[in-house]
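Right, one structure below, let's go through it.
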There are 2 protein chains.
Amino acid sequence: MLSEKRRSRLLDHVRRKGSVRVEDLAEVLGVSVSTVRRDLDEMDERGLLRRVHGGAVAITDQPVPVETSMAERAVHNLDEKGRIAARAVDLIRPGSTVLLTGGSTTAQMVSHLPSVPDITVVTNSVAIAHAIGTTSATVQVLVLGGLLRNAELSLLGHLTTQALADVHIDLAFFSAYGLDPAYGIMGAHLAEAETDRNMITAAKHLVVLADHTKFSQRSAVRVAPVARIGTLVTDDAAPAEAVAALRAADITVIQA
Amino acid sequence: MLSEKRRSRLLDHVRRKGSVRVEDLAEVLGVSVSTVRRDLDEMDERGLLRRVHGGAVAITDQPVPVETSMAERAVHNLDEKGRIAARAVDLIRPGSTVLLTGGSTTAQMVSHLPSVPDITVVTNSVAIAHAIGTTSATVQVLVLGGLLRNAELSLLGHLTTQALADVHIDLAFFSAYGLDPAYGIMGAHLAEAETDRNMITAAKHLVVLADHTKFSQRSAVRVAPVARIGTLVTDDAAPAEAVAALRAADITVIQA
DNA sequence: CTCGTTTTGCGAGATTTTGATCATGAATGT
DNA sequence: ACATTCATGATCAAAATCTCGCAAAACGAG
């Protein structure tokens, strides 16, 4: 197994279980305890988990970015993700049904949504549903069911896929973990990939949100080929050659 | 078990019960009393609890916010609901799957859940899913899909019902809006009633949570007859004749 | 293929954690 | 006041885990 894949699976285990023992990980992954220790130590360095005697425990940081008020946004400079999110919301037509998949950039769209009349938001993100429910009374929200991934607050699995079948979606917004003009959209975790693929497939038109840092992110998991992208919303700092390549592939690129 | 996890569970027990004996903790956690003492001493050192002869008690250090009389009432009620919630969590057996329906009292159960090992929580409440996701990495959460009722942050409708069909539920906890020993469980809104009925039907055993104020609440919507109730958790101030009537109807009544 | 680098597995010695024992101090009943 | 019971802290040995160095294996470039 690729060492990168092993680390990804290791992190998955930690996040799923909350805590794991070195011995168990070694057995599950089929490697020695030394290797597991080295992996855990490195990921502790990178802040992905916390190393403790005998194993490791998951980090439980605050994953919910508290939205700043609309007024404040109008006065201050919008940050990169905020600008991208605002431009993305411009693409929504009144009366349509849109899918927001879990992710930091899509979450930024929430505060802009009330400006579009009569829309329905479908989402697999508990964070997004919670944010809309507590801030807006006009936006209709439909939550896809599924297993909660604690770290990301997004929903996965069979129930999510099944719920998708009963919903008509005009426009889907997807927060890319990484974006390669040749390879396609990258996902962060294998566990989420299948659900992401299903959500992407369910939409007529796919809008991908990716700030310029996403172009240099590499990952082993591809959730969709480039051809599936309808529109890309990114920022001015996106690599010019990547933008050109995507436009050549008949993709509308918007730079906020 | 990882020592880190053991400490976390230990702290949960202390906070849940308010106070706890060293002997009991040793038995529950499956370690020696020496280990428990060391753990308790360290957590006393860190200010997470207070060590006393024979065991430990929870810290009840209230940061004093400016309170309107309204908020003050809410806090007082919260304490009552908190006790009911704690007793309700005691009913959960390790390894089981429980349903938490949306409601203020069921939401109080969240902070106590990590003390029960290896449970799966099924819920139609975005607030509960959000709360568990941001505070605990050990509790498995499955969210039923559906339309978001913005005011309550609970999910309703066809998708919710459909998702229920794919889940096996050992124990369901329901926050009653009103409770009449003759008529049964009352719901607040007609829109929620059907989904509530379906959730109640899906469970083998139904636990109803209702503080004493719920006995005088009147509503036109009945979501379930009294006979459907398996266990009622309420407080000491519940009307004696109502408690007697329910016990006569073969319902287990717990007064926190 | 050969060389240099990286990754991995192994084992010795150091460190941490744990459970048991016991003298001492604290709570309780008479 | 006294005796009795129980909890405590200290100490020690055993077990589990970690660290570190080293060598074998895997990998990539030339």
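The values are calculated or read from the model by the stated rules, or taken from the named source; none is laboratory data. The structure displayed is predicted, hence computed values, not measured ones. Don't worry about glycine lacking a Cβ; one is built from the backbone with ideal geometry, like all the others, and counts go over all protein chains shown.
Is it the case that region A:172-190 has a residue that's crowded, with 17+ Cβ neighbours inside 10 Å, of a type in the set (Val, Ile, Thr) and in contact (Cβ under 8 Å) with a residue 60 or more places away in the chain? No, every residue in region A:172-190 fails to be crowded, with 17+ Cβ neighbours inside 10 Å, of a type in the set (Val, Ile, Thr) and in contact (Cβ under 8 Å) with a residue 60 or more places away in the chain. Among the criteria (1) within 13 Å of DNA strand C (Cβ to nearest atom); (2) closer than 21 Å to B:Gln140 by Cβ; (3) in contact (Cβ under 8 Å) with a residue 60 or more places away in the chain, the one A:Lys5 does not fulfil is (2). Here B:Asp170 meets the list (1) within 9 Å of chain A (Cβ to nearest Cβ); (2) under 17 Å from the mean Cα position of the chain (by Cα) almost entirely, failing just condition (1). From the list A:Ala182, A:Ala163, A:Ala151, A:Ala127, the lone residue that is over 16 Å from the mean Cα position of the chain (by Cα) and within 13 Å of chain B (Cβ to nearest Cβ) is A:Ala163.
Quick one: which residue in B:Leu40, B:Leu25 is under 22 Å from the mean Cα position of the chain (by Cα), part of a helix (DSSP H, G or I) and either within 10 Å of DNA strand D (Cβ to nearest atom) or away from chain A (no Cβ under 14 Å) (or both)? Answer to the selection: B:Leu25.
Tell me which residues, restricted to region A:43-56, are within 8 Å of DNA strand C (Cβ to nearest atom) and part of a helix (DSSP H, G or I). Across region A:43-56, there are no qualifying residues. The residues of region B:23-52 that are among the polar types (S, T, N, Q) and surrounded by 15 or more Cβ atoms within 10 Å (Cβ to Cβ) amount to a single one, B:Thr35.
Restricting attention to region A:1-22 and to residues that are away from DNA strand D (no atom under 11 Å from the Cβ) and not in a helix (DSSP H, G or I), the residue that is surrounded by the most Cβ atoms within 10 Å (Cβ to Cβ) turns out to be A:Ser19. Among the conditions (1) modelled with pLDDT of 90 or more; (2) in a loop (DSSP other than H, G, I, E, B); (3) more than 16 Å from DNA strand C (Cβ to nearest atom), the only one that B:Leu99 does not satisfy is (2).
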